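Visitor: Below is a structure I'd like to ask you about.
Just so it is clear, none of the values below were taken in a lab; they were calculated from the coordinates. This one's a predicted model, so the numbers in the text were calculated from it and none came from an experiment. With ideal geometry, Cβ positions are generated from the backbone for all residues, glycine too; neighbour counts draw on all protein chains shown.
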Amino acid sequence: MERRAAQLRWERHTQRPLLALAVAFALAYAVPIVDGSAGRTVTSLCTVVEWTVWGAFAVDYLMRLALTPRRRDFVRTHWPDLCAVVLPVLQPLRLLRLVSTLLLVGRRARMAPQIRLTTYVVGSVIGLLMFGSLAVLSVERDSPNGNIRTLGDAVWWSFTTMTTVGYGDHAPTTGLGRMIAVGLMLSGIALLGVVTANIAAWFISRFEKDDVEERRQTEAIAALAEEVRLLRAEVARLAAERQEQPR
C-alpha cells in the first residue's frame, strides 16, 4: 500500500512538469522543420532538447516501475510505455522520438482523472494534426517528386487525411511519408469512433435519465392515487358509521 501510494504521489507531482517538457519537445521538433534555414547550432540545441525530454519520460517510467508493488503486472499493462522508451534507442530517428514522446504524453494524460475524455480527444486531434503536418513536411519537402513543400500544404494534407476525406491534391511520395499517412488515417478513424461513441453515450445517458425521471413520476402518481383511494375508503367508512349511529 505504501509503494502504491508513493507511485500515485509521483504520478501526481510529475504530471505537469512532464507535460511542460512535452511542450518544449513540440517546439524543439517544430523549429528546424518550419525554419528551413536554421543553423547548425539551433538544430543541435533542438536535438538536445528532444533527447532530454525523451530521457525525462524514460526516467519517469523507471521510477514508476521501481515504486509499483507488482512490477511484472506493471510491465504487462504498460507495454506501450516500454515500447516508447526503447524505440528511439534501437534506431535514433527524430520521427521515432516524436512517436515515442506522443505515446508517453498520451499515457500520462490518460492517467490524470481530472482530464475529461472530450478534452483528451480535442488535444489528441490538435497534436496529431500539428505533428503529422511537421513530420510529413520534414520527409516530403526535399523529395524530388513531392508536392508537399510548405507548412500550409502539410496542414491541409493532414487535415484531409485525418478526416478520411483525401482530396488527392497533395499526397506523400516517399515510403516514410506514406507510413505517416497510414498512421494519420488510423488515428483519425479511431478518434472519430471515440467522438461518435462519446456522443452516443451522452444521448443514451440522457435518455436513461429521462426514463428514470418518468418512472419516478409514474410511481409518485401511482402512490398518490393509492393514497386518494385509501382516503376515499376511509371517508366512506366514517360516513357509514355515522349513518348507523342512533340519533
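Visitor: Ranking request for peptides 43-54, 210-221, 132-143: highest mean number of other beta-carbon atoms within 10 Å first, then the rest in descending order.
Guide: 132-143, 43-54, 210-221
Visitor: If you don't mind, another one. With the crude spin-label approximation of a point 7 Å out along Cα→Cβ, what separation in nm comes out for L62 versus E219?
Guide: Label at L62, label at E219, 5.7 nm between them.
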